[in-house]
1. Can you list the trypsin sites (Lys or Arg not before Pro) in the range 166-196 that are in a DSSP coil and have 10 or fewer other beta carbons within 10 angstrom?
2. So how do Lys363, Lys371, Lys213 line up by other beta-carbon neighbours within 10 Å, fewest first?
3. Evaluate the Kirkwood expression for the hydrodynamic radius of the range 288-329, namely the inverse of the mean inverse distance over all pairs of different C-alpha atoms, and round to one decimal in Å.
4. Excluding Val354 itself, what net charge comes from residues whose Cβ is under 11 Å from its Cβ, given Lys and Arg +1 and Asp and Glu -1?
5. Normalised by the residues of the range 177-273, what does the relative contact order come to in percent, with Cα pairs under 8 Å and at least six apart?
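Please treat every number below as a calculation from the coordinates, not as lab data. In this text, all values refer to a predicted model and were calculated from it rather than measured experimentally. No Cβ is skipped: glycine too gets one built from the backbone with ideal geometry, and neighbour counts run over all protein chains shown.
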Amino acid sequence: MNLQAELITIGITAGLALGILISCLVFFGIRWYKKWSNSTRSASEGTSTTLPIRTNGLDTSTDFSASITSSISMSENVKSYSPFSWWSCQSKDHFASQSGIPKYSYKYVRSLLSTREIQRATQNFTTTLGQGSFGTVYKATMATGEVVAVKVLATDSKQGEKEFQTEVVLLGRLHHRNLVNLVGYCVDKGQRILVYQFMSNGSLGNLLYGGEKKLSWDERLQIALDISHGIQYLHEGAVPPVIHRDLKSANILLDNSMRAKVADFGLSKEEAFDGQNCGLKGTYGYIDPAYVSTSKLTMKSDIYSFGIILFELITAIHPHQNLLEYIGLAAMDHDGIDGILDKQLVENCDIEEVRQLAIIAHKCLHKSPKKRPSIGEVSQVILRIKNRRQHRPLSRGLSQLEDQNDELSRTASMNHKQSG
């Protein structure tokens, strides 16, 4: 009897061990097959490339914010991997496909913008557009005649390497008219290079604080609306949503039509980080105090930064020049926001519109992130302000026409009485 029980126990144990072994073999077999099929597919699509160029070109940016379905189809391959998992992979085909940027043969890419041309050009650039933790940004004209901004990673930049990875991954799947377009990138011979569409009017920060060009109230209101649309796409249109994490006037760029685009996604995080503990990153003066105190990154952190930008548009006071103190004093003063209005706007704007924009900006800066409005709500308020402004001349014109008709009627009536 005991022998029979022992045999049964041995049989069960052996069966379990065999089942576990078979399960492991199946699991690793499936993983091997997926890797093999991916590499086979990549090989069949063409030669690997170090500089993929986006098909929609330099001056175009497709807007998928109106269709969530389109965004899902664009990013369904992105959701299944960790944002930086591709970087440890040696296959450049894998790198290109995971970033979402189309691949081409090296011969085709070289005809548009070769690695050698970029490296030679960056050594001879005399026009520097900016300098950051990533490296230097240059202005260049490619062989096709297109003007671009070339961001070259500094060889000693530790933070820039990670930012480079994030930019390629995110901008490979983010497409909106109010986001700066990544034209291409280069990973070759130790070089890390990003190529963007050129924004001829520079950054909002330069225009507000250092540029010779004066921004009208109409332009500032349109810039605010453009920024809100860009953030709204990141928060509500992108799949998965993205927290920018470094919104500031220096990262808002303007094209030749003075339309604003959000730039610099090196510090951005996907929605998975919303409400999670995250290393403190950003720019002093724009960072959400709640994020500083809790290290928890949320979408409302972007809302706070946008509120600061809105007050910059109203006051032309930089956050490093005690903007928050001025805002606090204005809130207690009888004149309110009127007292710190940018001098260029005095008597050149509708003060009621300025006050309405200041009200929503104040809400963006609320101490409690939960009580701050969503970017969709902020965008609607700015749009209503702008629409009222557009309709006001029409209503004013109709009113003047009615007054003229009344005057003509009175004149005709008086003439009729006199003739009688």
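1. Counting only loop positions with at most 10 other Cβ atoms within 10 Å, the trypsin sites (Lys or Arg not before Pro) in the range 166-196 are Lys189.
2. The order, fewest Cβ neighbours first, is Lys371, Lys213, Lys363.
3. 11.0 Å
4. -3
5. Result for the range 177-273 is 33 percent.
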